[in-house]
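Everything below concerns the one structure shown next.
The values are calculated or read from the model by the stated rules, or taken from the named source; none is laboratory data. Please read these numbers as outputs of a predicted model, since none were measured by experiment. Note that each Cβ is placed from the backbone with ideal geometry, even for glycine, and that neighbours are counted across all protein chains shown. Note: accessible area is taken over every heavy atom of the protein model, side chains too, but ligands, DNA and RNA are not part of it. Shrake-Rupley method; radii C 1.70, N 1.55, O 1.52, S 1.80 Å.
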Amino acid sequence: NNNNNHDKHRQTFFAVHPHGAFCIGWSLLFTCPTLHRVRFCFSPTLFASPFFRLFSRSLGKPVSASRSSVNSYLANGEDVALPPGGFEEATLTDATIDRVFVRKRYGFVRLCLKYGVAIRPVFVFGEGRLFWNVQGGWKTRLKCNRWGVPTILVWGRWFFPLLPRKGVRLLIVVGRPLILPKVEGEPTKEEVDRWHERYIGELKRIYEDFKVEGYGEEVGKSAKLEIW
């Protein structure tokens, strides 16, 4: 999406999907020069590593994804990028099915209503196809995720599982901005629900509009997005 002039004058929350095994698309966005002003929010556990902070700060503006930190950046008028699906979305990664974990993710919508921040859904076509991931046991695995425990078991290339599979093309699509009002006081459940549904609607739209471009005619025409 090339609508950068609009972004320069409107505070924006970029919500990136899917998380994937290792957030490869997210990493590409993090190093994109046109997004140099955006605060990219990383897992507090990962951000606690001094080696990670030193390396990542040489490439962009990494920050912690803790609730208090994100609240502070939005309150200060900064643009923020975050994969709201978190560990759960990583767990659901599949090399043949696109899944996002967003049905119960209301926090970022509530914050954006509180500060009047626009939300732009971002979808990385091909992210899930970079690695195979063991499927099933969702109830137990997702429960572990709530305690901050990753439950993925992935492999890419046969000779080195941590390398992504060959021949997978990524297409990153930034959706239209949802212009949220600034709500006085705390947003109501009805307000959060309404904008959350609009967010999911825009996410579905960019998936349907770009899936053939992302995956080719044969695969794209039958591709479906699962909303968890």
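Remarks
- Annotation note: Cβ proximity below 7 Å between a residue of the range 125-148 that is within 21 Å of residue 43 (Cα to Cα) and a residue that is among the polar types (S, T, N, Q) and part of a helix (DSSP H, G or I) (sequence gap 6+ or interchain) occurs for 141/91; 142/91; 145/91; 148/45.
- Listed by position, the strands (runs of 3 or more DSSP E) enclosed by the range 59-154 that each have at least 1 residues that are of a type outside the set (Val, Ile, Thr), open to solvent by 10 Å² or more (accessible area, probe 1.4 Å) and touching a strand residue (DSSP E or B) at 6+ places or on another chain (Cβ under 8 Å) are 62-64, 80-82, 98-100.
- Scanning the range 184-215 for residues that are touching a helix residue (DSSP H, G or I) at 6+ places or on another chain (Cβ under 8 Å), over 17 Å from residue 14 (Cβ atoms) and modelled with pLDDT of 95 or more returns 187, 191, 192, 211, 212, 213, 214.
- Selection count where residues are surrounded by fewer than 16 Cβ atoms within 10 Å (Cβ to Cβ) and touching a Phe, Trp or Tyr at 6+ places or on another chain (Cβ under 7 Å), scope the range 166-191: 2
- Residue list for the range 210-224, filter: surrounded by 13 or more Cβ atoms within 10 Å (Cβ to Cβ) and free of Cβ contacts under 8 Å to residues at least 12 places away in the same chain: 212, 219, 220
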